[in-house]
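K.L.:
Structure in structure tokens, see below.
The values are calculated or read from the model by the stated rules, or taken from the named source; none is laboratory data. Keep in mind it's a predicted model, so treat the numbers as computed, not measured. Cβ: placed from backbone, ideal geometry, glycine included. Neighbour counts: every protein chain shown. Please note that ligands, DNA and RNA were not included when accessible areas were found on the heavy atoms of the full protein model with its side chains. Shrake-Rupley method; radii C 1.70, N 1.55, O 1.52, S 1.80 Å.
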Amino acid sequence: GAVVSQHPSWVICKSGTSVKIECRSLDFQATTMFWYRQFPKQSLMLMATSNEGSKATYEQGVEKDKFLINHASLTLSTLTVTSAHPEDSSFYICSATLAGGGNEQFFGPGTRLTVL
Amino acid sequence: GENVEQHPSTLSVQEGDSAVIKCTYSDSASNYFPWYKQELGKGPQLIIDIRSNVGEKKDQRIAVTLNKTAKHFSLHITETQPEDSAVYFCAARGSGNTPLVFGKGTRLSVIA
């Protein structure tokens, strides 16, 4: 149980285009989902906290107009990287917590974005 | 806010030996401390966690200890195997759905 999936697993796009990444909780309902980015050999950096049906809360320094987050249902959150540039190339990982409580945070397999 | 320090950044052990990774945290209100294993190109996988009302927890070859007074917690892996080689992250979190705060990670290499 408690499986989180991401799609796509990797994507290559041209500079200036937008890319959407999906995060799904497959066998549970997730009240809260988190989006992280991870540069090579570094730790996970929290980008934003996404609650179902409400606006995401972005961490300091993360541009909300560039990284659009939508959490329309209890099983799906999306991250759209708008007007992507090479410096946006990174490993993006989502995680989810169970609705109804519990501390466990379950991570997706990640999406590797490469912007040419 | 919470700050988590993790040591060492790299660790090499011989197969069969034990490995210990240590973390400290700053916020005394934190009450949940998970450990994650991340293999190359994959997302982090929860391997063990401990809550603040427990001092030690064990699951087969993996154990975690927590010292609330000193605000530090440790991961112990016994009888290490090559497949234990990965990056390990500790994290800390307060109550509710506050985000996890991660340490910087430890790259463990188990040499056969």
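K.L.:
Return the sequence-ordered ³J(HN,Hα) values of region A:12-22 in whole Hz as given by the Karplus equation 6.51 cos²θ - 1.76 cosθ + 1.60 applied to θ = phi - 60°, using x for Gly and Pro.
P.N.:
Calculated HN-Hα couplings, in order: 10, 9, 7, 4, x, 8, 10, 10, 10, 10, 9 Hz.
K.L.:
Follow-up. Using a Förster distance of 35 angstrom, determine the FRET efficiency expected from the C-beta separation of A:Lys66 and B:Ile62, and round it to 0.05.
P.N.:
0.35
K.L.:
Write down the accessible area per residue of the protein assembly as shown in Å², having rolled a 1.4 Å probe over the full set of protein chains.
P.N.:
That works out to 49 Å² per residue.
K.L.:
Full extension from B:Ser12 to B:Thr69: what is 0.36 nm times the residue separation minus their Cα-Cα distance, to one decimal in nm?
P.N.:
Going from the current span to full extension adds 17.6 nm.
K.L.:
Another question about this same structure. Okay, which of region B:49-91 sit inside 15 Å, backbone N to the point 7 Å along the Cα-Cβ direction of B:Asp27?
P.N.:
In region B:49-91, the label zone of B:Asp27 (backbone N under 15 Å from the point 7 Å along Cα→Cβ) covers B:52, B:91.
K.L.:
In whole Hz, what ³J(HN,Hα) sequence does region B:61-77 give by Karplus (6.51, -1.76, 1.60; θ = phi - 60°), x for Gly and Pro?
P.N.:
These are the phi-based 3J(HN,Hα) values: 7, 10, 9, 10, 10, 10, 10, 5, 4, 7, 6, 9, 9, 9, 10, 10, 10 Hz.
K.L.:
Would you give the gap between the C-alpha center of region A:48-116 and the C-alpha center of region A:28-47, rounded to a whole Å?
P.N.:
7 Å
K.L.:
Now for a different question. Taking the Cβ of B:Gln81 as the center, what net charge do the other residues with Cβ under 12 Å away carry, scoring Lys and Arg +1 and Asp and Glu -1?
P.N.:
Around B:Gln81, the charge tally is -4.
K.L.:
Rounded to the nearest 100 Å², what is the buried accessible area between A and B, both sides summed, probe 1.4 Å?
P.N.:
Summing both sides, the interface buries roughly 1500 Å².
K.L.:
Name the long-range amide H neighbours of B:Ser12: under 5 Å, sequence gap of 5 or more, or other chain; modelled H, no Pro or chain starts.
P.N.:
B:Ser109
K.L.:
Can you tally the net charge around B:Phe102? Count Lys and Arg as +1, Asp and Glu as -1, for every other residue whose Cβ sits under 12 Å from the Cβ of B:Phe102.
P.N.:
0
K.L.:
Can you pull out the cysteines in chain A that have no other Cys Cβ under 4.7 Å?
P.N.:
A:Cys13
K.L.:
Shifting gears a bit: Say each of B:Ile111 and A:Ser73 gets a label point 7 Å from the Cα, pointing the same way as Cα to Cβ; how far apart are those two points in nm?
P.N.:
With each label point 7 Å from Cα toward Cβ, the separation is 5.2 nm.
K.L.:
Show me the ranking of peptides B:29-42, B:53-66 by mean Cβ neighbours inside 10 Å, starting with the highest.
P.N.:
Result, highest mean first: B:29-42, B:53-66.
K.L.:
Hey, can you grab everything whose amide H is under 5 Å from the amide H of B:Gly94? Only 5+ residues off in sequence or another chain; H modelled, so Pro and N-termini drop out.
P.N.:
Under 5 Å from the amide H of B:Gly94 lie the amide H atoms of B:Asn31, each far enough along the sequence or on another chain.
K.L.:
Taking 0.36 nm per intervening residue step and subtracting the Cα-Cα distance, what contour gain separates A:Lys20 from A:Thr80 on full extension?
P.N.:
Additional length available on full extension: 21.2 nm.
K.L.:
Under 5 Å between amide H atoms, partner at least 5 residues away or on a different chain: which partners does B:Ile48 have, H built in plane at 1.01 Å?
P.N.:
B:Trp35
K.L.:
Also, quick follow-up: Net charge near A:Val11: determine it from the other residues with C-beta under 15 Å of the C-beta of A:Val11, scoring Lys and Arg +1 and Asp and Glu -1.
P.N.:
Result for the neighbourhood of A:Val11: +2.
K.L.:
Residues of region A:84-114 with accessible area at least 50 Å² lower in the all-protein-chain context than alone (1.4 Å probe)?
P.N.:
A:Asn103, A:Glu104, A:Gln105, A:Phe107
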